[in-house]
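Down below is the structure, laid out as structure tokens.
The values are calculated or read from the model by the stated rules, or taken from the named source; none is laboratory data. All of these numbers come straight from a predicted model, not from anything done at the bench. Ideal geometry is used to build each Cβ from the backbone, glycine not excepted, and the neighbour counts take in all protein chains shown.
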Amino acid sequence: MLKHKAELIRFLGSDSWLMELLEAVESENLPDAWVCAGVIRRLVWDRQTGRHTTDRLDDVDVVCFDAFNVSKEWEKAAEQRLRLRLPQVPWSVKNQARMHHKNGLPPFRSTLDGVASFPETCTAVAIRLERGQLRLAAPYGVEALLNMTITPTPLYRHGAKNRIYQTRLQEKSWKSEWPEVRE
């Protein structure tokens with residue numbers, strides 16, 4: 001069982017598949033790019049429960065920040081370049097300079113500002129390879145991820161934003177795949 005941030009970083013760094021993803025993202029030189037959310041959550045929860053389900057990934061989320069090029073076409077071109085490197089990976093590149101519109105939030109100032117706006121604390125985790133070193137960002141810590149607990153981030157605790165969070169819980173249906181998950 002993973003219990004601490006240092007153990008999490010060691011575990012993620014020991015996963016050859018994830019490292020291959022991170023190397024591909026680093027090699028593309030996307031501005032302030034990180035791999036985040038579901039791919040990390042899935043790897044950790046599979047580790048915590050003894051499962052291996054990465055073959056069922058919907059996508060591999062790559063977040064970056066380029067305030068000067070906010071077109072979806074730019075994102076699609078980045079996905080295509082990543083697909084040329086690793087064609088079997090379902091890449092999804094999202095420029096956080098435009099993603100604030102999705103849930104009616106103020107503009108983000110950086111990639112990690114965007115990650116901090118994710119609805120669940122267990123998905124608000126990102127990792128990148130930076131000159132050969134792993135760097136982990138978790139604006140709300142890693143406890144919820146490691147404890148398999150789903151809780152809303154501060155933006156999604158009340159009102160209309162909480163309805164977005166509740167809808168995601170139903171759509172994602174994480175408890176059906178990992179019954180150990182706590183809400």
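I'd like the full set of residues that are surrounded by 12 or more Cβ atoms within 10 Å (Cβ to Cβ) and of a type in the set (Lys, Arg), limited to region 77-103.
Arg81, Arg83, Arg85, Lys94, Arg98, listed by residue number.
Can you pull out the residues in region 50-65 that are among the β-branched types (Val, Ile, Thr) and modelled with pLDDT under 95? Give the derivation first.
Of region 50-65, the ones among the β-branched types (Val, Ile, Thr) are 53-54, 60, 62-63.
The answer is Thr53, Thr54.
Only one residue in Phe118, Phe68 is among the aromatic types (Phe, Trp, Tyr), modelled with pLDDT of 95 or more and out of contact with any strand residue (DSSP E or B) (no Cβ under 6 Å at 6 or more places or on another chain), so which one is that?
On the way: Phe68 fails: modelled with pLDDT of 95 or more.
The unique qualifying residue is Phe118.
Of all residues being in contact with a Lys or Arg (Cβ under 9 Å, 6 or more places away or on another chain), charged (D, E, K, R) and on the phi < 0 side of the Ramachandran plot in region 24-50, which is surrounded by the most Cβ atoms within 10 Å (Cβ to Cβ)? Just the residue, please.
Arg42
Within region 120-127, does at least one residue satisfy the condition of being surrounded by fewer than 17 Cβ atoms within 10 Å (Cβ to Cβ), among the polar types (S, T, N, Q) and free of Cβ contacts under 8 Å to residues at least 60 places away in the same chain? Give the derivation first.
Applying the first criterion (surrounded by fewer than 17 Cβ atoms within 10 Å (Cβ to Cβ)) to region 120-127 yields none.
Taking every residue of region 120-127 in turn, none turns out to be surrounded by fewer than 17 Cβ atoms within 10 Å (Cβ to Cβ), among the polar types (S, T, N, Q) and free of Cβ contacts under 8 Å to residues at least 60 places away in the same chain.
Select from region 138-183 the residues that are part of a loop (DSSP other than H, G, I, E, B), of a type in the set (A, V, I, L, M) and within 17 Å of the chain's Cα centre (by Cα) and write down the one among them that is farthest from Gly114 (Cα to Cα).
To start, the set of residues in region 138-183 that are part of a loop (DSSP other than H, G, I, E, B) comprises 138-142, 147-148, 150-151, 153, 157-158, 173, 178-181, 183.
Now restrict to residues that are of a type in the set (A, V, I, L, M): 138, 142, 148, 150, 181.
Within this subset, residues satisfying the condition of being within 17 Å of the chain's Cα centre (by Cα) are 138, 142, 148, 150.
Working: Ala138: 12, Val142: 17, Met148: 22, Ile150: 19 Å.
Filtering first and then ranking leaves Met148.
Might you check whether a residue that is in a helix (DSSP H, G or I), within 22 Å of Arg41 (Cβ to Cβ) and of a type in the set (S, T, N, Q) occurs anywhere in region 77-92? First the steps, then the outcome.
Kept after step one, since they are in a helix (DSSP H, G or I), are these residues of region 77-92: 77-85.
Those still in the list that are within 22 Å of Arg41 (Cβ to Cβ) too: 79, 82.
Restricting the remaining residues to those that are of a type in the set (S, T, N, Q) gives none.
No, the conditions are met nowhere in region 77-92.
Condition first: touching a helix residue (DSSP H, G or I) at 6+ places or on another chain (Cβ under 8 Å) and outside any helix (DSSP H, G or I). Now tell me which residues in region 105-115 satisfy that. Quick ask: steps written out before the conclusion?
We begin by selecting, within region 105-115, every residue touching a helix residue (DSSP H, G or I) at 6+ places or on another chain (Cβ under 8 Å); these are 105-108, 114.
Selection gives Leu105, Pro106, Pro107, Phe108.
One residue is enough: does region 128-137 have a residue meeting the conditions surrounded by 21 or more Cβ atoms within 10 Å (Cβ to Cβ) and assigned to a loop (DSSP other than H, G, I, E, B)?
No: region 128-137 contains no residue that is surrounded by 21 or more Cβ atoms within 10 Å (Cβ to Cβ) and assigned to a loop (DSSP other than H, G, I, E, B).
Condition test on Arg83, is it under 28 Å from Trp174 (Cα atoms), modelled with pLDDT under 95, over 16 Å from the mean Cα position of the chain (by Cα) and not polar (S, T, N, Q)? It would help to see each step written out before you state the result.
Working: under 28 Å from Trp174 (Cα atoms): yes; modelled with pLDDT under 95: no; over 16 Å from the mean Cα position of the chain (by Cα): yes; not polar (S, T, N, Q): yes.
In short, no.
Just checking, does region 56-76 include any residue being in contact (Cβ under 8 Å) with a residue 60 or more places away in the chain, among the charged types (D, E, K, R) and assigned to a loop (DSSP other than H, G, I, E, B)?
no
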